[in-house]
Amino acid sequence: MVQKEFGDHIRSWRFAILLVIIFLACIGSVYAAITAIKSGGGTEDTGTDFLFLNVFTSSDGTLPSFISFVSFLGPLMGISLGFDAVNTERSKGTLSRLISQPIYRDDFLKAKFVASLLLIAVVMLALGFLVMGASLIVIGYPPTPEQFWRVLLFLLSTVVYVGFWLNLSILFSVRFKQAATSALSGISLWIFFSVFYSMILGLIAKGIAPASDASADSIMSYQQLMLGLGRLSPAQLFNDATSALLMPSVRSLGPLTMEQVYGALPSPLPLVQSLNIVWPQLTGLLAATMICFGLSYYVFMRQEIRSRS
């Protein structure tokens with residue numbers, strides 16, 4: 001079943017069009033990053049020791065960076081692969097035929113998820129390695145083993161992030177009978193977290209901001225509250241994780257006191273310490289993905305499936 005679903009996705013025009021859009025956008029962002037590196041505009045934060053990572057984080061201002069494109073277009077791939085995973089089978093009358101065969105319900109749902117997630121992993125890893133190969137040819141600067149592992153972990157984090165949106169779209173596909181309704185629900189949440197959630201946080205921050213003469217504890221509490229509200233968004237969790245993985249100069253993802261800053265050396269963190277910083281964000285993305293899949297499993301197992309007369 002996984003092989004059949006995987007083949008159906010690859011042969012579909014929807015996947016081909018979406019793949020071309022993501023490929024062109026990422027190639028454009030890589031060109032902008034390489035232009036910025038050649039002009040010396042992308043090495044202020046990481047220096048020449050991590051020059052290869054700047055391909056994924058830098059931009060000359062004409063186009064967003066590679067991670068910005070991936071964080072924006074990645075959810076669209078997950079939604080497009082899962083919004084009609086179940087309701088289309090039900091509307092065509094093929095779901096009852098599949099279930100009437102010696103196939104368990106949970107196997108059907110797991111095959112839908114595994115095939116789509118496998119396709120996402122193949123696309124993201126292939127795109128990441130393509131970017132690394134093109135950058136190696138253009139800038140002539142090979143990555144160190146640590147940089148390679150940082151890029152690989154970034155790509156795996158991207159697979160988890162897109163997998164969350166895939167599971168969310170499958171949940172809508174199980175819940176709603178019409179594919180258009182499930183697609184609209186997934187895209188609405190994607191737009192909400194990508195655009196409107198930051199606006200809402202800005203209004204909340206303006207309304208509860210402490211006075212200029214407030215104590216340090218009040219300011220820290222305010223910063224922690226806003227940081228916690230921001231991390232309710234999966235996009236924010238993904239941005240925090242990728243920033244720490246691809247920018248070793250990032251030493252913390254939250255506010256720091258003067259006691260914590262005093263005496264700290266302005267040096268890049270090793271990979272293990274960067275992983276310690278982003279582990280809560282990665283755990284949150286995995287938990288959200290598992291919750292969405294669990295809800296999909298629960299709802300689908302309790303639904304009544306009738307054959308079309």
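Quick rundown of the values:
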quantity: Residues within segment 190-201 that are open to solvent by less than 60 Å² (accessible area, probe 1.4 Å) and more than 18 Å from the chain's Cα centre (by Cα), tallied; calculated: 1
quantity: Any hit, segment 263-284, residues being open to solvent by 50 Å² or more (accessible area, probe 1.4 Å), farther than 30 Å from Phe50 by Cα and at pLDDT 85 or above; calculated: no
quantity: Yes/no for Phe56 being buried (at least 17 other Cβ atoms within 10 Å of the Cβ), among the aromatic types (Phe, Trp, Tyr) and modelled with pLDDT of 70 or more; calculated: yes
quantity: One residue from Ile219, Ile187, Ile204, Ile208 being open to solvent by 50 Å² or more (accessible area, probe 1.4 Å) and under 30 Å from Lys112 (Cβ atoms); calculated: Ile187
quantity: Those residues of segment 210-234 which are aliphatic (A, V, I, L, M), at pLDDT 80 or above and assigned to a loop (DSSP other than H, G, I, E, B), in sequence order; calculated: Leu232
quantity: Boolean, Ile67 is at pLDDT 80 or above and among the aliphatic types (A, V, I, L, M); calculated: yes
quantity: Residue list for segment 196-230, restricted to those being within 23 Å of Phe72 (Cα to Cα) and of a type outside the set (A, V, I, L, M); calculated: Phe196, Tyr197, Ser198, Gly202, Gly228, Gly230
quantity: In segment 138-184, the residues that are without any contact (Cβ under 8 Å) to a residue 24 or more places away in the chain and either outside any helix (DSSP H, G or I) or surrounded by 21 or more Cβ atoms within 10 Å (Cβ to Cβ) (or both); calculated: Gly140
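The values are calculated or read from the model by the stated rules, or taken from the named source; none is laboratory data. Note that the structure is predicted; figures quoted are calculated from it, not measured. A quick note on method: Cβ atoms are made from the backbone with ideal geometry, for glycine too, and the neighbour counts reach across all protein chains shown. With ligands, DNA and RNA removed, areas are computed over all heavy atoms of the protein, side chains included. Shrake-Rupley method; radii C 1.70, N 1.55, O 1.52, S 1.80 Å.
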